[in-house]
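Visitor: Here's a structure for you.
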Amino acid sequence: MKKILSLFLAAGISMATFAQEKSMPIGTKLPAEGYQTTNVFDGKIMHLPDVKTEKGLLVVFTCNTCPFVIRNIERTGQVLKYAHEKGLGVVFINSNEAQRNDADAVKSMIKFGKEHNYPNYLVDKKSALADIFGASHTPEVYLFNGAQALVYKGAMDDNPANPSEAKIMYLKNAIDNLLAGKAIDPAETKSVGCSIKRLN
């Protein structure tokens, strides 16, 4: 079964891609300060700066069914726990507007998010935030410092297809360097995952 899934993941060229041509540059300020989105858990309107702490903010573009998201659920939980322990704000965003009446419906988001202890789970209407960020895949992460500047973007580690075999924890290292006041290198990695399902 693992072999079949691995082949599926490796062969999913239309699903998994490495291009990030429109992704925001490192150093960009946290965008969409005035953009409102809804947290599915309580229906309340949220703005990204509301979640940011003085130490920074981790933004995770994700969904409910992508094989890469599922395969990285344990890693995501580890990252969430670590970020919280270090005093960072964390926000999860679902931009799959083309699947809003299906796998990524609000009801499904509530169930999935609660199962995996997400602190919040935001509906990105018309994939507006994904467009502003230039996000193209799930999972895909963006790390901002306390001054709201982007300091890291891309993958959580160096083996999204098989996290148990990852050797370099890109995001954890970025968080450590951010909080230590050190340069983050690499500051950008290539995200690997399912394409965000935008409306045509």
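Visitor: Filter the stretch 159-200 for residues that are among the hydroxyl-bearing types (Ser, Thr, Tyr) and in a loop (DSSP other than H, G, I, E, B); which is surrounded by the most Cβ atoms within 10 Å (Cβ to Cβ)?
Guide: Applying the filter and picking the extreme gives 191.
Visitor: While we're here: Determine which member of the set 153, 172, 190 is over 23 Å from residue 48 (Cβ atoms) and charged (D, E, K, R).
Guide: After ruling out the rest, the residue left standing is 190.
Visitor: So which residues in the stretch 114-143 are part of a helix (DSSP H, G or I), surrounded by fewer than 18 Cβ atoms within 10 Å (Cβ to Cβ) and at negative phi?
Guide: 114, 115, 125, 128, 131, 132
Visitor: Looking at this structure, is residue 77 touching a residue at least 12 places away in the same chain (Cβ under 8 Å), exposed (fewer than 15 other Cβ atoms within 10 Å of the Cβ) and within 15 Å of the chain's Cα centre (by Cα)?
Guide: yes
Visitor: Output yes when any residue across the stretch 85-99 is among the β-branched types (Val, Ile, Thr), more than 15 Å from the chain's Cα centre (by Cα) and within 17 Å of residue 198 (Cα to Cα), and no when none is.
Guide: no
Visitor: Let me ask something additional. When the residues of the stretch 44-74 are narrowed to those that are assigned to a helix (DSSP H, G or I) and free of Cβ contacts under 8 Å to residues at least 24 places away in the same chain, which ends up farthest from residue 157 (Cα to Cα)?
Guide: Per the criteria, the residue is 50.
Visitor: Residue under question is residue 111, and the condition is that it be modelled with pLDDT of 95 or more, closer than 29 Å to residue 169 by Cβ and either loosely packed, with under 15 Cβ neighbours inside 10 Å or charged (D, E, K, R) (or both); does it hold?
Guide: When the stated conditions are applied, residue 111 passes them.
Visitor: Look through the stretch 91-108, keep the residues that are surrounded by 19 or more Cβ atoms within 10 Å (Cβ to Cβ) and β-branched (Val, Ile, Thr), and return whichever of them is farthest from residue 149 (Cα to Cα).
Guide: Looking at residues that are surrounded by 19 or more Cβ atoms within 10 Å (Cβ to Cβ) and β-branched (Val, Ile, Thr), I get 93.
The values are calculated or read from the model by the stated rules, or taken from the named source; none is laboratory data. What you see is a predicted model, and the numbers here were worked out from it, not measured in a lab. Quick reminder, even Gly has a Cβ in these numbers, built from the backbone with ideal geometry, and neighbours come from all protein chains shown.
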